[in-house]
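Structure record follows, encoded as structure tokens.
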Amino acid sequence: MNAHGSIHARRFLHCCYCCDDVDAATTFLTDGLGLNVFMQVADGPFDGSVLGLDGLVEANVCFAYDHRGPRIGPGIEVQGWVNPIATGEPHTRPWQLGVQSLGIAVGALDLAAASALRAGASVVGHVTNSVLFDAASVTVRDANRITFDLIEDAIAAAGTTRIAHLRINCSDLHTSVQWYERLGFRCLRRANGVVLDPNLFGEGGTASFAELVLPDEPMRLLLVQWLDPSPIGAHYPTANHRGIYRVAVGVDDTRAATRELEAAGVVVVRQPELLELKGTAVPDMWISFLTDPDGVPVELVERPRSAFR
């Protein structure tokens, strides 16, 4: 039970990686990060209104998962935009507001970093330990300039990787923690005024952070409020912007969860609607869209516990 008395979201489902070229992205995710592509959505134009875009749009879409596979662990929805084309640049300064990176837990950090570099990534930062991750880490940026935190995990099985966290910069940590707690997240740890080594992300400073988790899966949400320097910019404004654009979480009943959250003051930007997933084995499902206090889209997807192994 969260601090606000209700549990809505139970697990991360996927994060959306937006780019120009699905093939280049999946090559990095598979060869560089050790993930696997399990599902590809049928090509063809679709109604862009579900993503806040006008008219018919087109993107090549597939899903990448770690060794646990779909229906167990979270995935990465790769969207290669065709029409409209991908726009904008991903965040590269560590204090820009919005989604900063995806975290990948690895058993052998040096080997994992070497694989990422061979697949076209560049190193952003490398530390033997940090308060933020509570572990040794190497942060890399792939050929699409999208950032990943490789985190050393002593219990990770040899040769495997695990999608471990989503790192989001916020303008007010207290407000963001409360917002995510309303969705069903629970705060595991929190620290204020932490000095971040310049070697962590290539540029240092002072920040406060909170680490949150959902009840059914160990992937974490890492919220960071930069204090010095102050946070700048905003999250990506459109669904076809390059970078990690949105996150989807699973709920038992999208319509009931949306009604209750809206009654509690959470702004709903798109009311529940039934989504058909052509070309996949996934059944049609109810979805709705919220945005967090800094404009990060959060999708509620009706996926009850019975859908998972």
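Laboratory data are not the source of any read-out in this text; all were calculated from the coordinates shown. Note that the coordinates shown come from a computational prediction; the quantities given were computed from them, not determined experimentally. Reconstructed Cβ throughout: ideal geometry from the backbone, glycine too, with neighbour counts over all protein chains shown.
By counting other Cβ atoms within 10 Å of each Cβ, how are Phe38, Phe308 ranked from fewest to most? Please list the in-between numbers first.
Numbers: Phe38 13, Phe308 16.
Listing Phe38, Phe308 from fewest to most nearby Cβ atoms yields Phe38, Phe308.
Ordering of 165-172, 46-53 by packing is 165-172, 46-53, highest average first (other Cβ atoms within 10 Å, averaged per residue).
Taking only C-alpha pairs under 8 Å that are 6+ residues apart, what is the relative contact order of the chain in percent? Mind dumping the intermediate values first?
Numbers: 804 pairs, mean separation 69.2, N = 309.
This gives 22 percent for the chain.
On full extension, the segment bounded by Ala263 and Ser230 gains 8.6 nm, given 0.36 nm per residue less the C-alpha separation.
Annotation for the stretch 59-136: trypsin sites (Lys or Arg not before Pro) lying in DSSP loop with at most 13 further Cβ atoms inside 10 Å of their Cβ are Arg71. For Rg and Dmax of the Cα atoms in Å, one of (i) 19.2, 56; (ii) 19.7, 66; (iii) 18.1, 50 was computed from the structure I shared and the rest are decoys. Which label? Among (i) 19.2, 56; (ii) 19.7, 66; (iii) 18.1, 50, the one calculated here is (iii). The translational diffusion coefficient of the stretch 98-228, from Stokes-Einstein at 20 °C and 1.002 mPa s with a Kirkwood hydrodynamic radius over alpha carbon pairs, comes to 142 µm²/s. Rounded, prolate or oblate for the stretch 157-309? Axes are the square roots of the Cα gyration tensor eigenvalues, ordered a ≥ b ≥ c, and the cut-off for rounded is a/c under 1.5. Because a/c hits 1.5 or more and a/b exceeds b/c, the stretch 157-309 counts as prolate.
Mean residue ellipticity at 222 nm, helices only, the chain: -3500 deg cm²/dmol; runs of at least 4 DSSP H residues each add -39,500 (n - 2.57), and the sum is divided by the number of residues.
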